[in-house]
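Asker: Below is a structure I'd like to ask you about.
Nothing in this text is a laboratory measurement; each read-out follows from the coordinates by a stated rule. Please read these numbers as outputs of a predicted model, since none were measured by experiment. Positions of Cβ are backbone-derived with ideal geometry, glycine not excepted, and every protein chain shown enters the neighbour counts.
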Amino acid sequence: MISIHQLNYRYSRKREILSCLDLEMPAGKIYGLLGKNGAGKSTLIRNIAGMLFPTKGNCKVMDYEPKQRQIDFLKELFFIPEECFLPNLTISQFIDIYTPYYPRFDRQQYQDYLKQFAIDPKQHLQALSFGQKKKAMIGFALAANTRLLIMDEPTNGLDIPSKVLFRNMITEAMSAERLVLITSHQVRDLDELITDLIIMDHGEILLHETKEDISGKLLFELTEEPSQSSELLYEEKQANGWAQILKNPMGISRPVDVELLFNAMLSSRETINTALSTQPQPELI
């Protein structure tokens, strides 16, 4: 679906944002793209969406070059930015004007999403709150049924019940032909949703792994005291104890603490990557 090779991007001669990125992202997955402010996340997704053009290297999406902005590419892409600037139309008018751009748009599906989000389609988009605008666009994006869906901080402005709805909607809308790419600082919002994790820092990819592989190679624990184990890779003090990442030589599968792993990659990248490159031994029964 997405193939990136030696991608560089710079805003000026002195300011390079992305450096020699190589990334393969097949369809059928939900990717969580994480990084600090200025890590290059927004620049990367805008190169993928064809809103920015690589300085060097290439980016292909569904065998198209995004920078060419071909119609067949654009009708398979939906991008939700962090800030939604919407026209002064009712939701019903918005549907009538913009659905022709998306051949697989499902009006009934969108109506169902609006109902779940408790949004009246007769309302004007400009009259909606920030959170309601996000809900309206998330529903529209899913109902467009594009093969590629990119969302930048989609849970900003959503209350807790809406975040639960959002995760359920994304999961139900997934298919083997679809790829969802989400950037977020709200790591806990993505914990149960994403299948693959990408962590960036200073324009480089620090980590690109499936959550399944991570859970088989790293062990995440919470203890009352600091660990004395020789298997310890990283730990940090939290309000309810010590959160730890340990080697997992037996391949015991446990949930991945994405936030803890993110912090570990920023401070102990080589240690974590070495553990991830080690093949675990089969667990004895």
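Asker: Which order do peptides 121-133, 239-251 fall in by mean Cβ count within 10 Å, highest first?
Answerer: Numbers: 121-133: 14.5, 239-251: 16.2.
Sorting 121-133, 239-251 by mean packing, highest first, produces 239-251, 121-133.
Asker: Still on this structure, please answer the following. Quick check: pseudo-label points 7 Å beyond the Cα along Cα→Cβ at Ile97 and Thr274, how many nm apart are they?
Answerer: Each label point lies 7 Å from its Cα, and together they span 5.8 nm.
Asker: Still on this structure: Over the range 154-282, calculate the relative contact order: mean separation of alpha carbon pairs under 8 Å at least 6 apart, over the residue count, as a percent.
Answerer: Value for the range 154-282: 22 percent.
Asker: Quick one: net charge around Leu128, please, counting Lys, Arg +1 and Asp, Glu -1 for every other residue with C-beta under 11 Å from its C-beta.
Answerer: +2
Asker: Rounded to the nearest 10 degrees, what's the angle between the helix 160-173 long axis and the longest principal axis of the chain, both from Cα atoms, 0 to 90?
Answerer: Rounded to the nearest ten degrees, it is 80.
Asker: With just the Cα atoms defining each centre, how far is the range 69-135 from the range 164-238? Give it in Å.
Answerer: Answer, in whole Å: 29.
Asker: A further question on this structure: How large is the charge dipole for the range 80-189, taken about the Cα centre, if only the Cβ atoms of Lys, Arg (+1) and Asp, Glu (-1) carry charge, to the nearest 20 debye?
Answerer: 160 debye
Asker: Also: When the helix-only estimate is applied to the chain (DSSP H runs of n ≥ 4, each -39,500 (n - 2.57), divided by the residue count), what is the mean residue ellipticity at 222 nm, nearest 500 deg cm²/dmol?
Answerer: Numbers: 10 runs with 88 residues, N = 285.
The helix contribution divided over the chain gives -8500 deg cm²/dmol.
Asker: What does the charge dipole of the range 2-202 about its Cα centre add up to, to the nearest 20 debye, if the Cβ of each Lys and Arg holds +1 and the Cβ of each Asp and Glu holds -1?
Answerer: Values: 25 positive and 23 negative charges, 116 e Å.
It comes to approximately 560 debye.
Asker: Quick one: helix 130-144 against the long Cα principal axis of the chain, what's the angle to the nearest 10°, folded into 0 to 90?
Answerer: It works out to around 80 degrees.
Asker: Could you compute the net charge surrounding Val180? Neighbours are other residues with a C-beta less than 11 Å from the C-beta of Val180; K and R count +1, D and E count -1.
Answerer: Local net charge: +2.
Asker: Let me ask another. Hey, what angle do you get for helix 107-116 against the long axis of the chain, alpha-carbon based, 0 to 90 degrees rounded to 10?
Answerer: That helix lies at roughly 60 degrees to the long axis.
Asker: How much net charge surrounds Arg46 when only the other residues with a Cβ under 13 Å from the Cβ of Arg46 are counted, with Lys and Arg +1 and Asp and Glu -1? Working shown, then result.
Answerer: Working: positive: Lys41, Lys67, Arg69; negative: Glu82, Asp152.
Residues close to Arg46 contribute a combined charge of +1.
Asker: Right, next: For Cα Rg over 2.2 N^0.38 Å, pick the label among [x] 1.08; [y] 1.18; [z] 1.87 that corresponds to the value derived from the coordinates.
Answerer: [x]
Asker: Taking the chain as a Gaussian network, Cα atoms linked when under 10 Å apart, which of Ser184, Ser12, Ser175 shows the biggest mean-square fluctuation?
Answerer: Largest GNM mean-square fluctuation: Ser12.
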